[in-house]
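The values are calculated or read from the model by the stated rules, or taken from the named source; none is laboratory data. For clarity, every value in this text was computed on a predicted model and none was experimentally measured. Neighbour counts run over all protein chains shown; Cβ positions are idealised from the backbone, glycine included. Ligands, DNA and RNA are excluded from the accessible area calculation, which covers all protein heavy atoms including side chains. Shrake-Rupley method; radii C 1.70, N 1.55, O 1.52, S 1.80 Å.
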Amino acid sequence: MSKRKSAKYKLDRRMGENIWGRPNSPVNKRSYGPGQHGQRRKSKMSDFGLQLRAKQKLKGYYGDVTEKQFRSTYKDATRLKGDTGQNLIGLLERRLDMIVYRAKFAPTIFAARQIVNHGHIYVNGVKCNIPSRRCDLGDVISLGSKAKEMALVIEAQSLPEREIPDYVVPEGNDKVAFTRIPKLDEVPYPVTMEPNLVVEFYSR
């Protein structure tokens, strides 16, 4: 498993947006970027810069997945019928760690990845510790017995800042079913995502 080694919220400040919609994001207090050059005047961004920024923002939102893994997901999206940008979002939303996050089993995507990695999540009754596992329609994702009592999980389920989307259907407090693949406008992003620019970036 790979993990984000640098400060997570530094991405918020670099982008100038509250990527995960969390109330403790430093961008709520300091809108400028991190580091000693964070407050310098910004010049007009090139097309390449806009595309790169869109890619970094989308990749960061899903737990800062590695470039190799993200590019692989993009290639899978190009092989599917229909709009590549929409396909990319659909594949990212099918990740097990993201479904755990959407189900409010964890307060952040990073915590969701950790819970999966530590073996607290079951898919169709079978333990799975692979955060990047791609779930299928109808899969049932549930918490293990120990996870139900974890303070982290209890905290996540009480968070008022986000709701469970309708494509992740709760079956009690410790189980959800992944019922359909969402389109871009159905995904509850706190900020605007631009998968079309990501497609342009990789199509260069």
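Say whether the condition of being more than 21 Å from Glu17 (Cβ to Cβ), open to solvent by less than 80 Å² (accessible area, probe 1.4 Å), in contact with a Phe, Trp or Tyr (Cβ under 6 Å, 6 or more places away or on another chain) and among the polar types (S, T, N, Q) is met by at least one residue in region 196-204.
Restricting attention to region 196-204, the residues satisfying the condition of being more than 21 Å from Glu17 (Cβ to Cβ) are 202-204.
Still in the list and also open to solvent by less than 80 Å² (accessible area, probe 1.4 Å): 202-203.
Adding the requirement that they be in contact with a Phe, Trp or Tyr (Cβ under 6 Å, 6 or more places away or on another chain) leaves 202.
This time we only want the ones that are among the polar types (S, T, N, Q), so: none.
No, there is no match, as no residue in region 196-204 is more than 21 Å from Glu17 (Cβ to Cβ), open to solvent by less than 80 Å² (accessible area, probe 1.4 Å), in contact with a Phe, Trp or Tyr (Cβ under 6 Å, 6 or more places away or on another chain) and among the polar types (S, T, N, Q).
Are there any pairs with C-beta distances below 8 angstrom linking a residue in region 67-89 that is over 18 Å from Lys57 (Cβ atoms) to a residue that is aliphatic (A, V, I, L, M) and open to solvent by 60 Å² or more (accessible area, probe 1.4 Å), with the two at least 6 apart or on different chains, and if so which?
So the pair list comes out as Asn87/Leu80.
List the number of the failed condition for Ile109; all other conditions in (1) at pLDDT below 95; (2) over 12 Å from the mean Cα position of the chain (by Cα) hold.
Checking Ile109 against (1) at pLDDT below 95; (2) over 12 Å from the mean Cα position of the chain (by Cα), the one that fails is (2).
Looking only at region 58-90, which residues are of a type in the set (Gly, Ala, Ser) and either assigned to a helix (DSSP H, G or I) or open to solvent by 40 Å² or more (accessible area, probe 1.4 Å) (or both)?
Applying the first criterion (of a type in the set (Gly, Ala, Ser)) to region 58-90 yields 60, 63, 72, 77, 82, 85, 90.
Residues satisfying the conditions are Gly60, Ser72, Ala77, Gly82, Gly85, Gly90.
Can you tell me how many residues within region 133-163 are under 18 Å from the mean Cα position of the chain (by Cα) and modelled with pLDDT of 95 or more?
Residues flagged as under 18 Å from the mean Cα position of the chain (by Cα) and modelled with pLDDT of 95 or more within region 133-163 amount to 5.
How about region 156-173: which of its residues are open to solvent by 80 Å² or more (accessible area, probe 1.4 Å) and charged (D, E, K, R)?
Across region 156-173, the qualifying residues are Glu163, Asp166, Glu171.
Would you check if there is a residue in region 130-152 being acidic (Asp, Glu), crowded, with 17+ Cβ neighbours inside 10 Å, in contact (Cβ under 8 Å) with a residue 24 or more places away in the chain and over 23 Å from Gln86 (Cβ atoms)?
At the first step, the residues of region 130-152 found to be acidic (Asp, Glu) are 136, 139, 149.
Going one step further and asking which of them are crowded, with 17+ Cβ neighbours inside 10 Å, we end up with 139.
Subsequent filtering for residues that are in contact (Cβ under 8 Å) with a residue 24 or more places away in the chain retains 139.
Now drop any that are not over 23 Å from Gln86 (Cβ atoms), which leaves none.
No, because not a single residue in region 130-152 is acidic (Asp, Glu), crowded, with 17+ Cβ neighbours inside 10 Å, in contact (Cβ under 8 Å) with a residue 24 or more places away in the chain and over 23 Å from Gln86 (Cβ atoms).
Would you be able to tell me the number of residues in region 92-101 that are open to solvent by less than 10 Å² (accessible area, probe 1.4 Å) and either in contact with a Pro (Cβ under 7 Å, 6 or more places away or on another chain) or touching a residue at least 40 places away in the same chain (Cβ under 8 Å) (or both)? Write out each step before concluding.
Filtering region 92-101 for residues open to solvent by less than 10 Å² (accessible area, probe 1.4 Å) gives 92-93, 96-101.
In the following step, the residues that additionally are either in contact with a Pro (Cβ under 7 Å, 6 or more places away or on another chain) or touching a residue at least 40 places away in the same chain (Cβ under 8 Å) (or both) were identified as 93, 96-97, 99-100.
So the count comes out to 5.
Every residue in region 102-127 that is open to solvent by less than 10 Å² (accessible area, probe 1.4 Å), in a loop (DSSP other than H, G, I, E, B) and over 12 Å from Leu143 (Cβ atoms), please.
Pro107
Do you know which residues across region 133-143 are assigned to a loop (DSSP other than H, G, I, E, B) and in contact with a strand residue (DSSP E or B) (Cβ under 6 Å, 6 or more places away or on another chain)? So that I can check it myself, show each step before the final result.
Looking only at region 133-143, we keep the residues that are assigned to a loop (DSSP other than H, G, I, E, B), and these are 133, 135-139.
Answer for region 133-143, where residues must be assigned to a loop (DSSP other than H, G, I, E, B) and in contact with a strand residue (DSSP E or B) (Cβ under 6 Å, 6 or more places away or on another chain): Cys135, Asp139.
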